Structure formats: structure tokens, C-alpha cells
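Structure first, then comments.
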Ligand SMILES: *Cc1c(COP(=O)(O)O)cnc(C)c1O
């Protein structure tokens, strides 16, 4: 790896941030997974990051993701769908991804459950929660988590793993921290009924320290890893 490769330097800096946040929170480094958010990035950039040891990649748009998935030969990448869910895209998503983090309504759960091929391992599902109750935002209402989880549990082709949230972009730092704390308590209640639930996906480039402090088990990082989106 060239010494002054900016991507290599960002990966190293990000690793330090995550490790420091874990230490600050009194948690072990391996209690927090890193999802590299690769929307708008090329297949070559993804392969470079993968070669540096990062295995999970998050994509927001099906067609863009499919083109890159078809170019990348390695089968050792784990693909997470994290974008808005349209019902006419669920079949391809159910066939192409290992995880879907943006499941937010019963209709989408049922389509994914029926369309996930039996020859594949169960699709890992996170329920997206509209934690700041924004009018136009994807995500189920915090009060609807239990009901939606029960629908996921009806399907053997789906495996409920936990919750995902994107706090409001115009939050203050204190508001974002409060949103993360509320997610943690929703997550802990969900675990009471569904003991296999193990994943709380929250924290991005600008707020991953607060998310880790509030119990995140997966941070989703784009800009701080790949650089500014063009
Ligand atoms: C783009 C995106 C991210 C990454 O955001 P950065 O601020 O670039 O780290 C994380 N999660 C979701 C759902 C996204 O769409």
C-alpha cells in the first residue's frame, strides 16, 4: 500500500476514532462493527477498502449496487441494503443482499420474506426507526417496532437482528445523543422478546463517538472513510 494513499490514511484515522470511542465507553473494540457506506463509490474503491480488511459494505440504491456487485469478484464481501425501500425493488434486494437495514413497514417485510430464495441463508433484517419523528422520513414509528418485529418473525427466510436509525440532520449534538439513548432503550426492550437480536445500527461520520457511547454495535461510515461525496 503506498504510504501517502489518502484512502489508506482515512481508514487508519477512522480505526483510531472507533478504537478511542470504544475505550472511552469502556467497551471492547470488537463490540462495534464497521459498515463502509459505499454509495457513489466505484467498484475499485470498494475493492481497495476490502483489501484493507473491511468486509461490510452498505448501498442505498439497488441499480447502482447491482452494477458494482456484478463487477466485484470476491464472495467475501457482506452487502447491506440501507436505502429507501420501494416495493418493486424487493425481489432483487432479497436476492442480492445479506442484510437489509431499512425495513419499515409490514408490506415490505412480507415481500422480502416471500422473495428471499430458500437456497440462501436467511436475510438479516434491521427495522429502521424514525427516531426523531420527522414527517417525510423513512422508518417506522418507535411505537410500531414490536408489531413490525412480529411480522418478521413469521418468516423462516428472514432473521430479525435489530434496529437502525438516522437521527435528524438538523439536530444539535445533545438532541442526537438523546435520540441514540432512546434507540438503545427500544433495542433493549426488543431483546426481551427476541433474544437473538444483537445489532443496533447507529452512528455515521459525524456522530459515531456519541453512538458508540450510547451502545451502537454497528457504525455506518461513508465520508470519513471514502472522503467527501462528489
Ligand atoms: C450515506 C449514509 C451513511 C453515511 O453517511 P456519512 O455521513 O457519509 O458517514 C450512513 N447511513 C445511511 C443510511 C446513509 O444513507
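The values are calculated or read from the model by the stated rules, or taken from the named source; none is laboratory data. If you're wondering where the values come from, they're calculated on a predicted model, not measured in any experiment. In this analysis, Cβ positions are derived from the backbone assuming ideal geometry, glycine residues included, and neighbour counts consider all displayed protein chains.
Some observations on this one:
- When 184, 177 are screened for being more than 9 Å from the ligand (Cβ to nearest atom), assigned to a helix (DSSP H, G or I), within 16 Å of the chain's Cα centre (by Cα) and surrounded by fewer than 23 Cβ atoms within 10 Å (Cβ to Cβ), only 184 passes.
- Residue ID - nearest to the chain's Cα centre (by Cα), chosen from residues in the range 187-203 that are touching a residue at least 40 places away in the same chain (Cβ under 8 Å) and within 16 Å of the ligand (Cβ to nearest atom): 201
- Selection of the range 114-144 for residues being under 17 Å from the mean Cα position of the chain (by Cα) and outside any loop (DSSP other than H, G, I, E, B) yields 123, 124, 125, 126, 127, 128, 129, 140.
- Residue match in the range 125-148 (condition: over 28 Å from residue 183 (Cα atoms) and modelled with pLDDT of 95 or more): no
- The range 209-223 - residue that is buried (at least 19 other Cβ atoms within 10 Å of the Cβ) and within 8 Å of the ligand (Cβ to nearest atom) and, of those, farthest from residue 6 (Cα to Cα): 220
- Going through (1) farther than 28 Å from residue 225 by Cβ; (2) in a strand (DSSP E or B) one by one, residue 57 falls short only on (1).
- When the criteria are applied in full, residue 64 fails the requirement of being crowded, with 17+ Cβ neighbours inside 10 Å, free of Cβ contacts under 8 Å to residues at least 40 places away in the same chain and within 16 Å of the ligand (Cβ to nearest atom).
- Filter result (in a helix (DSSP H, G or I) and either within 16 Å of the ligand (Cβ to nearest atom) or surrounded by fewer than 17 Cβ atoms within 10 Å (Cβ to Cβ) (or both)) within the range 151-174: 173, 174
- All positions within the range 12-46 that are closer than 19 Å to residue 230 by Cα, touching a residue at least 24 places away in the same chain (Cβ under 8 Å) and in a helix (DSSP H, G or I): 43, 45, 46
- Some residue of the range 106-121 being within 16 Å of the ligand (Cβ to nearest atom) and either touching a residue at least 24 places away in the same chain (Cβ under 8 Å) or in contact with a strand residue (DSSP E or B) (Cβ under 6 Å, 6 or more places away or on another chain) (or both): no
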